[in-house]
């Protein structure tokens, strides 16, 4: 089974990273989106797409605890994120 990791460090690219994660789920059964270092900027369209990602069984991770507490991301520290990247078949950085 292929695994894709979309990692977003650039706050300006967070929405595009989420949309890319959703699109990838149509073809790849395991997609993980990782928001690195920053708290996401929540707006209605982002929230709707995040819920859709959850419904399609995509995974959301962050090393920023605000994302975990406020938006339901799973927490992952840098070492865990590194392991996810090593185990992925495809990595898309934003």
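Read-outs: derived from the displayed coordinates by stated rules, not from any lab. Since we're looking at a predicted model, the values are computed, not measured. Note: ideal-geometry Cβ built from the backbone for every residue, glycine included; neighbour counts use all protein chains shown.
Scanning segment 15-56 for residues being under 23 Å from residue 79 (Cβ atoms) and in a helix (DSSP H, G or I) gives a total of 2. Against the criterion of being free of Cβ contacts under 8 Å to residues at least 40 places away in the same chain and touching a strand residue (DSSP E or B) at 6+ places or on another chain (Cβ under 7 Å), residue 49 does not qualify.
Just one of the listed residues (90, 40, 78) is touching a residue at least 12 places away in the same chain (Cβ under 8 Å), touching a helix residue (DSSP H, G or I) at 6+ places or on another chain (Cβ under 9 Å) and surrounded by fewer than 16 Cβ atoms within 10 Å (Cβ to Cβ), namely 90. Condition check: touching a residue at least 12 places away in the same chain (Cβ under 8 Å), in contact with a helix residue (DSSP H, G or I) (Cβ under 8 Å, 6 or more places away or on another chain) and not in a strand (DSSP E or B). Does residue 67 satisfy that? It is false that residue 67 is touching a residue at least 12 places away in the same chain (Cβ under 8 Å), in contact with a helix residue (DSSP H, G or I) (Cβ under 8 Å, 6 or more places away or on another chain) and not in a strand (DSSP E or B).
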